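As structure tokens, the structure follows; a few thoughts come after it.
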Amino acid sequence: MNNQSVNRSHKKKKTRLKPGAAIALVVLLAVVCVAVALLLHKSPAVDPLTDSSASPSSESTTQTSDESISEPASSTDTSIENVITTAEPSNDVTTEPTKSEPVPTSELTTAPHPDELVTSVNPDTGRIVVDVNREDWNLIVVNAGRELPEGYTPQLKEILGCGKYLDYRVAPYYEQMYLAAKADGIILTPYSAYRSYDRQKNNYNNLTKSYMSQYNLNEADARVKAATVILPPGTSEHNLGYAMDICGTESSFSSTKEYAWLQQHAHEYGFILRYTAEKQPITGIIPEPWHWRYVGVEYAEKIKNSGLCLEEYLDSIGVPY
């Protein structure tokens, strides 16, 4: 190779981008990065009721409450998260009236005289059997000491075609609340709504077995502990069809924007936060920031402003339940 060839090769190796080209490349890369960031920032909230590819919850949906519980697989694997599934069978739904418009609140809140309430006591459980035919149906209370009549099944209506059902009088209010929240960029995913007596019984019994194994409890003590998480069949507001677990059942839900929206607006649609840590000595239920119960617009606002739970408030105004 002669000296001229060597000099030409050496010169080629020293080739550099012109200053103007380098600046243009840097500017182009910066523009691309900014465009990508803007697209990510403007991504809308995913609505699981309209987007089939969406996750079933806007938050983590590891279940810690009464959805559908399977028997624990082994004595060493009995945590609640490991024994729960979330499927709702279609055969839980028995009726679906065509009525979909909300009933005016003024028609819901006239309390009958105590003598008009038809109650009895179930000799097998010792619980009061509530009157499901009372005029102020929105104020029916079921809890560890009060149960639905044997064989009672509410008339149901599906929520926005999502496969979850509530009492047909309650469903339109949840739909209105859902759509109002969605307009604010909040997705209130219907996670767990109506559940049948048989499903509740299965959940309660299986959680009892789980606690017997996990905490080495006898059956009686395990049932007492299980009832703070899953009420016995016939005593749950999910059996009544008045309650919705929203976006899952994680305690961290209380730190979400969905929860903040509900705290500010749920009463406008007749819903109250039913179970809090402060009221656990009265309700007997662990704090459930995801569990919202319908009581009617008028009463929801009054109960929210009072700071009382449902039982306390009805006692304070002398309304029988």
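Please treat every number below as a calculation from the coordinates, not as lab data. Please read these numbers as outputs of a predicted model, since none were measured by experiment. We place every Cβ from the backbone using ideal geometry, glycine too, and count neighbours over all the protein chains shown.
What to note about this one:
- Given 182/257; 201/304; 164/304; 279/302; 164/302; 157/182, the pairs whose alpha carbons are separated by over 24 Å: 201/304; 164/304; 164/302
- Each label was represented as a point 7 Å from its Cα along the Cα-to-Cβ direction; for residue 306 and residue 252 these points are 3.5 nm apart.
- Likely footprinting exposure, 247, 309, fewest C-beta neighbours within 10 Å first: 309, 247
- In a DSSP loop and with at most 13 other Cβ atoms within 10 Å, there are no trypsin sites (Lys or Arg not before Pro) in the range 149-234.
- Contour excess over end-to-end distance, with Cα ends at residue 298 and residue 228 and 0.36 nm allotted per residue: 22.3 nm
- Dividing the mean sequence gap of close Cα pairs (under 8 Å, 6+ apart) by how many residues the range 144-265 holds gives a relative contact order of 32 percent.
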